[in-house]
Each structure stands twice: as structure tokens, then as C-alpha cells.
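J.: Questions regarding the structure given below will be posed in turn.
Every number here is computed from the coordinates shown, using simple stated rules; none is lab data. In this text, all values refer to a predicted model and were calculated from it rather than measured experimentally. Quick reminder, even Gly has a Cβ in these numbers, built from the backbone with ideal geometry, and neighbours come from all protein chains shown.
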Amino acid sequence: MPNLPVVASYVADFLKPDQMHVYRQITGVLGEVDMHVFTHRRENERTFMFDPKRVHVLPRPRTRWLRRLIHKQLRQEPWQIYRWELRRWLLDLTRIDAQVLHLYFGNVAPQFIPLMKVWRHPVIVSFHGADAGMDMQKPRYRAAMGEVFRLAARLQVRSEALREDLIRLGCPEDKIVLQRTGVPLEAWPYRERGTPEEGRWRLMQSCRFIDKKGLDTTLQAFAIVAAKHPGARLALVGDGPERASLEQQARDLGLAEKVEFPGFLPNAEVNEAVYAAHLYLHPSRTSADGNREGVPNAMLEAMASGAPVLATRHGGIPEAVTDGVSGLLVEENDAAGLGAAALRVIEDTGLRRRLGLAGREAVQQGYARDVQAARLAAFYKQLMAPACGGH
């Protein structure tokens, strides 16, 4: 085989259970480029299989905790890599002959400003949602992000809403590139949701349990559904810092026996849970610290499967879900509206079918993995062309 051009990607932890979208993006270009992954921690190797010869686990500085304390807590600024780390990066990137460095995610990019200043090849920074808003109210974080915008060759975003966020932060518009997440349609064949016996409706949300996912809104909306359909059940698949409070909320609402908390599941079991669901909910919102969504990957998978989706007018969601066509949208934090939308879909078989079909079509048209992978590979090769000039 001819030698392929080399791309190096950095992901701090390769990979967290909720980062399947990153894995699909990195592996989707294999065969077009020689992909190497740099990380500080290798996780979930059975789920995210990758050639170990192309995974470079970087040493963590022994004084990492002190660096974080001084910079993040005391000085209110992002920290940057040490000089010895910079030398290590330059040696490793040269050794594999990397021609592009792709940093996931935007919030870690300021750490690499010293590298971006001296490495002679293009650096790409991916923004997926939270990384375009968190800490940006702090002057030193905002200034560091401005330096990232200046030094990076391109800034990738998952949605037009994120593009607008970066422009508001001062990013040059001509540096921003839209790179949609990719859904493997063959793994999510369309299946129409029928009407269950004895009102045993199943609702579902799958995500990390953090504030921006709106899981408390899902529980409040489900209480409205359960009051009219006592046989209904809700599955909240995932885990995270809000799990205990969500379990308590379910008890307080008298729903403890109707809500399942199975934790993060293997891919095959997530697939089964999605197909068992008659409705899929994802009422995202902007959290107090500025954390926002791009376009939720789990929501796209549910749409591809044919599940009617109920979500919010938030971030990039309206770019994937057209209200009344490929799903139903309500305002952020509108539990009553979300509950009413769920009842509307439950009680209208024709609407349920139309939303499922149109949701599948929306994913096919805008988020097919093979199309997005080809777009990314072409993007890498374009950046490697001598005419690009990197920075």
C-alpha cells in the first residue's frame, strides 16, 4: 500500500463512554489518511478499538494538580503545556511525520498555544458545544481563545449555531468549517413504532447526566404522560453527576417504579433500548456555566431508527429537527409543553409514523457517516496541500 498522509488527533481521554461520535469521526477516515491518536488516558478499549501502535499515551506531569490550582483556581486562566511537554510533542509529531494536528475539543486548545506557535503544520480545533461557551465570561480565558482563533488553521463546528457562537467570540468567519457528526445508517435501520398493548408506552433519553441535557425536564414531562397512561415507562440511559438528584426527583414525583436507570450500556444494548422506545426525548438547554449542545448524537441515532423525537429549540437541534415535520420542538425548560407534545404523539398514530419517517430522512440527508467521513478526509488533504500554508 502507498504511504498515506498522517493526521494526529488529540483527545485528552480516549475515549469516554459518551464520545462515540468522536470515535466515528476518527475511524471514518482510515484508509484515506494514516490516523494517530495522542491521549493522556486510554479508556474503554473494547468499545473503542484502535491500532495500539497508533495510540500514543502521553505522560501526565506530576505537578498537574498544582498547575491546575494555580491557573484555573487562583489566576482564572487556562494553563499551557510545559516546555518539556512541548519538546515531547514536537519530537513525536516529527517522528510520525504528521502533517495535520486535530485537537478535540475547543476548551483544551489554549493548552496548546505554545505548540501552535512553533509547529509548522496546520492545527485544527473541533468545537462540539460546551467548549464554545464555558468560561468565556472570564477575560483571560476569552483572550486565550482569541489567540487560538489566530493561530489555528481552521476551527470545526458541528452546527451553524456553533458557527455563530464562535463569530460572537471574535473568530474570523473564513476560518470556520462545518463538519457534521456522522451516523452509520446501516447500524440504525428504520423501524416504525407501533401502538403497545395495554398502554405500555416506553419513553427514553440517553446521554451523560449533566445539566444541559435537561433530564429533570424529561422527568417532569413523563409525570404528565404517566398520569394519563399509568402503564408507561421511562428509561434514562447513561450516568453522570446528576444521577442521584434525578433518582430523588423520580421518587418525589412518585415515579420510582416507572423510571429505569440502567447506567451506560454497551452499544448493542443501547440499540435495543432505542428500538424498544416509542418516543425519544432530548430537552437540551443552556446551563448556568454556558454549556450548550451542538447536535446531540444520541438524538440523531434515535431519528435514524424511526423513533419520533421530542426536543427543544436549543443549539443546533433545530438544524436537524424541523418542528412538526421530523420531530416536535418546545422551548427550553418547558416540561408542560414537552409532556403535551408526548401525549400528542402517543395519541396520534399517523403523526407518530410521519415524524419517524421524516426523522430518518433528515439524518440520511444531513448526517450520513460515509458522506461526513469523505468530507473530513478531503478537508485534511486540502489543508496538507502546499498552497494552504497552515497558519
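J.: What number, in percent, do you get for the relative contact order of the chain if the mean sequence gap of Cα pairs under 8 Å and at least 6 apart is divided by its residue count?
T.: 17
J.: With a 10 Å Cβ neighbour count serving as the proxy for reagent exposure, in which order, fewest first, do Leu219, Leu90 appear?
T.: Leu90, Leu219
J.: Only one of the listed values, (1) 21.7, 66; (2) 29.4, 102; (3) 21.7, 75, was derived from the coordinates as Rg and Dmax of the Cα atoms in Å; which label is it?
T.: Among (1) 21.7, 66; (2) 29.4, 102; (3) 21.7, 75, the one calculated here is (1).
J.: Only counting other Cβ atoms within 10 Å, I'd like Met136, Met145 sorted with the fewest neighbours first.
T.: The order, fewest Cβ neighbours first, is Met136, Met145.
J.: Then there is this: Convert each backbone phi in region 33-44 into a coupling constant with the Karplus relation 6.51 cos²θ - 1.76 cosθ + 1.60 (shift: θ = phi - 60°), then list the ³J(HN,Hα) values in order as whole Hz, x for Gly and Pro.
T.: Those phi angles translate into 9, 8, 8, 10, 10, 9, 8, 9, 7, 8, 10, 6 Hz.
J.: In degrees from 0 to 90, rounded to the nearest 10, what is the angle of the helix 83-95 Cα long axis to the longest principal axis of the chain?
T.: Approximately 90 degrees, to the nearest 10.
J.: Give the angle, between 0 and 90 degrees and rounded to the nearest 10, that separates the Cα long axis of helix 139-151 from the longest principal axis of the Cα atoms of the chain.
T.: For 139-151 against the chain, the angle is about 70 degrees.
J.: Percent antiparallel among DSSP beta bridges with both residues in the chain, to the nearest 5?
T.: So the antiparallel bridges in the chain amount to around 0 percent.
J.: So, one more: From the Cα gyration tensor of region 185-366, with a ≥ b ≥ c the square roots of its eigenvalues, which class applies: rounded if a/c is under 1.5, or else prolate if a/b is larger than b/c, or else oblate?
T.: Details: a/c = 1.34, a/b = 1.12, b/c = 1.20.
The shape class here is rounded.
J.: With a cut-off of 18 Å, note down the residues of region 14-35 whose backbone N falls inside the zone around a label point 7 Å from the Cα of Val371 toward its beta carbon.
T.: Under cut-off, by backbone N: 25, 28-29.
J.: What ranking, highest mean first, results for peptides 330-339, 314-323 when packing means the other Cβ atoms within 10 Å averaged over each residue?
T.: Working: 330-339: 18.6, 314-323: 21.3.
Order by mean packing, descending: 314-323, 330-339.
J.: Under the rule a/c < 1.5 gives rounded, and otherwise a/b versus b/c splits prolate from oblate, where does region 199-268 land using the Cα gyration tensor?
T.: Details: a/c = 1.93, a/b = 1.34, b/c = 1.44.
Here region 199-268 falls in the oblate category.
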